[in-house]
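The values are calculated or read from the model by the stated rules, or taken from the named source; none is laboratory data. In this text the structure is predicted, and so the values were computed from the model without any measurement. In this analysis, Cβ positions are derived from the backbone assuming ideal geometry, glycine residues included, and neighbour counts consider all displayed protein chains.
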């Protein structure tokens, strides 16, 4: 969990590069404004995800809180430069709720151990649509030609329609391209390792070394087929029935 938390904060720090940094100028006052908007969305994503998990399980789910942060940051990436600060907590909080429900639902059908489909897919879709709701007219003039703002400002669905069309086009392109790539890779050399290799971990089976301290290594772990018998600190040799006689 400490390494997980560190990874979340590193990603969060990176978001200050491609949200405020994407304005390409720090001279018009928008850089700090977008920093604040990004921070609000990420923070409220955490609060919403943790609160929903507490309501469901009566525990503070640290993993889901991290997903809430990522979901809030993903959702705010599209609209960050075109909304007022009051909308950021709403966008982030809804993303936090979406990621929790999405993870719980998708995990029943698809092997998605870190919730990417929910945190980046579903929250990303919500973020795209949220621009059609919250785009401020004064900011829409920067990069949204032909739009006078989102639904809540103008009562018009014009920007919302543009966002929905973009989501459909991007989804279709990514799905078709990814399916073709993964289908080809699966036919060529396969996408999954053996259950034994997966259980031991790719660190030791593919790279020949453990990626974690020895106290986290299962005592029953053994060398994989084609790999010499492994030796762990303090445990002595571990025999592999396929490489020992």
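If I filter segment 20-43 for residues that are under 24 Å from residue 100 (Cα atoms), in the same structural domain as residue 81 (by TED's automatic domain parsing) and part of a loop (DSSP other than H, G, I, E, B), do I get at least one hit? No: segment 20-43 contains no residue that is under 24 Å from residue 100 (Cα atoms), in the same structural domain as residue 81 (by TED's automatic domain parsing) and part of a loop (DSSP other than H, G, I, E, B). The residues of segment 66-88 that are surrounded by fewer than 22 Cβ atoms within 10 Å (Cβ to Cβ) and either free of Cβ contacts under 8 Å to residues at least 40 places away in the same chain or outside the structural domain of residue 121 (by TED's automatic domain parsing) (or both) amount to a single one, 86. Of everything in segment 45-65 that is under 9 Å from residue 92 (Cβ atoms) and under 15 Å from the mean Cα position of the chain (by Cα), the residue that is surrounded by the most Cβ atoms within 10 Å (Cβ to Cβ) is 45. Filtering 200, 180, 172, 136 for residues that are under 20 Å from residue 91 (Cβ atoms) and either within 23 Å of the chain's Cα centre (by Cα) or in contact (Cβ under 8 Å) with a residue 12 or more places away in the chain (or both) leaves a single hit, 136. A Cβ distance below 6 Å, combined with a sequence gap of six or more or placement on separate chains, defines the contacts here; from segment 1-25, residues that are exposed (fewer than 11 other Cβ atoms within 10 Å of the Cβ) reach residues that are modelled with pLDDT of 85 or more in the pairs 1/62.
Looking only at residues of segment 101-127 that are surrounded by 24 or more Cβ atoms within 10 Å (Cβ to Cβ) and closer than 28 Å to residue 159 by Cβ, we find that the one that is farthest from the chain's Cα centre (by Cα) is 127. When residue 42 is tested against (1) out of contact with any helix residue (DSSP H, G or I) (no Cβ under 8 Å at 6 or more places or on another chain); (2) surrounded by 23 or more Cβ atoms within 10 Å (Cβ to Cβ), only condition (1) is not met.
When residue 204 is tested against (1) over 30 Å from residue 1 (Cα atoms); (2) surrounded by 13 or more Cβ atoms within 10 Å (Cβ to Cβ); (3) modelled with pLDDT under 85, only condition (1) is not met.
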